[in-house]
1. Given the structure, is residue 127 assigned to a strand (DSSP E or B) and crowded, with 17+ Cβ neighbours inside 10 Å?
2. Considering only the stretch 11-40, state which residues are at pLDDT 85 or above and within 15 Å of the chain's Cα centre (by Cα).
3. Applying the selection to the stretch 260-270, what residues are closer than 24 Å to residue 221 by Cα and at pLDDT 70 or above?
4. Could you identify the single residue in 133, 138, 71 that is surrounded by 15 or more Cβ atoms within 10 Å (Cβ to Cβ) and touching a helix residue (DSSP H, G or I) at 6+ places or on another chain (Cβ under 9 Å)?
5. In contact (Cβ under 8 Å) with a residue 12 or more places away in the chain and within 23 Å of residue 321 (Cβ to Cβ) - does that describe any residue in the stretch 154-174?
6. Enumerate the helices (runs of 4 or more DSSP H) found wholly within the stretch 201-299, keeping only those where 2 or more residues are under 26 Å from the mean Cα position of the chain (by Cα) and buried (at least 18 other Cβ atoms within 10 Å of the Cβ).
7. So, residue 148, is that one in the same structural domain as residue 390 (by TED's automatic domain parsing), surrounded by fewer than 17 Cβ atoms within 10 Å (Cβ to Cβ), modelled with pLDDT under 95 and in contact with a helix residue (DSSP H, G or I) (Cβ under 9 Å, 6 or more places away or on another chain) or not?
8. Looking at the stretch 69-83 only, could you name the residues that are part of a loop (DSSP other than H, G, I, E, B) and within 14 Å of residue 120 (Cα to Cα)?
């Protein structure tokens, strides 16, 4: 019988986040494979975020009183802070996690503390207070590249926390080559486990939704060049979108996602895109509904800027979602894309990017569709979890 583990996951994402499906999470797959998981949401303040969870139906009075819910082999615990007592709550939540784990876990299994949320307040309290046999740091982003770490002092403070976590960990996973290179300096047991796509959700959507066009896309002419995802100014290159839309006035550019400036939501007008008639901004759409929109794209863009964040540790999940759908993609020349040059159009400059849009459309074929899907079928959540478990069992074998 395959060895099973108890896993305490300090997550950087709410399990019941409205704009995703938790089937995208490694911990969902771990639960499906029979591992026992205590999934710890990022602590939330009593207020607006919690009220949103109630409105979305993810919370009710019963769950609020218990503080958790159980879904098969996964217990989802949502720590709630009522007062600004940061260290007190970190210590309190650690004890609560231990109690939940004691009652939920199988005593015969080894326990892994699996940390995504390196930004959690007083992380050291959790590392000192939570009972475990092993510690894993799963680094899925170049956090120091976020706008809130804009000063040298804030970056250095974050790096020190991450360095300590990496050094303490028995095993480190990282989703981009740049992350592996940096973290391996502090822990030799650092492994590259790249992001993957939701193959089940996006495969064959062209056929599935060919006669089911979303109302928002009706009347928009082809070719439709799409983008789905966050439009944060620290990574999304609005100048490429503007140049592409003005270069190809007969193409339609459909953008789905929230516009985020440095410290607030933005508008097309602020970005100089409002007056471009062939840009269609649809705003945010729940992730689970995006395949129906992508099914009507003729190509998709990943126009990212070059900075510490994108070069140092960015691997857009949307890349393999697009490949799963078999749709041509045009991407910025980031390190993570280099090994996929045969199935995507890598662009070294703004001019190169704009030219590649037309090339991608002109060259599209059934053969290229099959090549893209074939690669995506090998980069799924199941394949990622399988690779991780292989590394875990090899590292922690008795």
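1. no
2. Step one: of the stretch 11-40, the residues at pLDDT 85 or above are 11-13, 25-40.
Listed by number, the residues that qualify are 11, 12, 13, 25, 26, 27, 28.
3. Residue satisfying the conditions is 269 alone.
4. Details: 133 fails: surrounded by 15 or more Cβ atoms within 10 Å (Cβ to Cβ); 71 fails: surrounded by 15 or more Cβ atoms within 10 Å (Cβ to Cβ).
138 is the lone residue from the list that is surrounded by 15 or more Cβ atoms within 10 Å (Cβ to Cβ) and touching a helix residue (DSSP H, G or I) at 6+ places or on another chain (Cβ under 9 Å).
5. From the stretch 154-174, those in contact (Cβ under 8 Å) with a residue 12 or more places away in the chain are 158-159, 161-174; that's our starting set.
Next cut, within 23 Å of residue 321 (Cβ to Cβ) only: 173-174.
Looking through the stretch 154-174, at least one residue is in contact (Cβ under 8 Å) with a residue 12 or more places away in the chain and within 23 Å of residue 321 (Cβ to Cβ).
6. Values: elements: 205-208, 238-247, 290-294.
By residue number, 238-247, 290-294.
7. Details: in the same structural domain as residue 390 (by TED's automatic domain parsing): yes; surrounded by fewer than 17 Cβ atoms within 10 Å (Cβ to Cβ): yes; modelled with pLDDT under 95: yes; in contact with a helix residue (DSSP H, G or I) (Cβ under 9 Å, 6 or more places away or on another chain): yes.
Answer is yes for this residue.
8. So the first thing to find is which residues in the stretch 69-83 are part of a loop (DSSP other than H, G, I, E, B), and the list is 72-73, 78-79, 82-83.
Scanning the stretch 69-83 gives 78, 79.
The values are calculated or read from the model by the stated rules, or taken from the named source; none is laboratory data. Here the structure is a predicted model, which is why all the values come from computation and not from measurement. Using ideal geometry, Cβ is built from the backbone for each residue, glycine included, and neighbour counts are taken over all protein chains shown.
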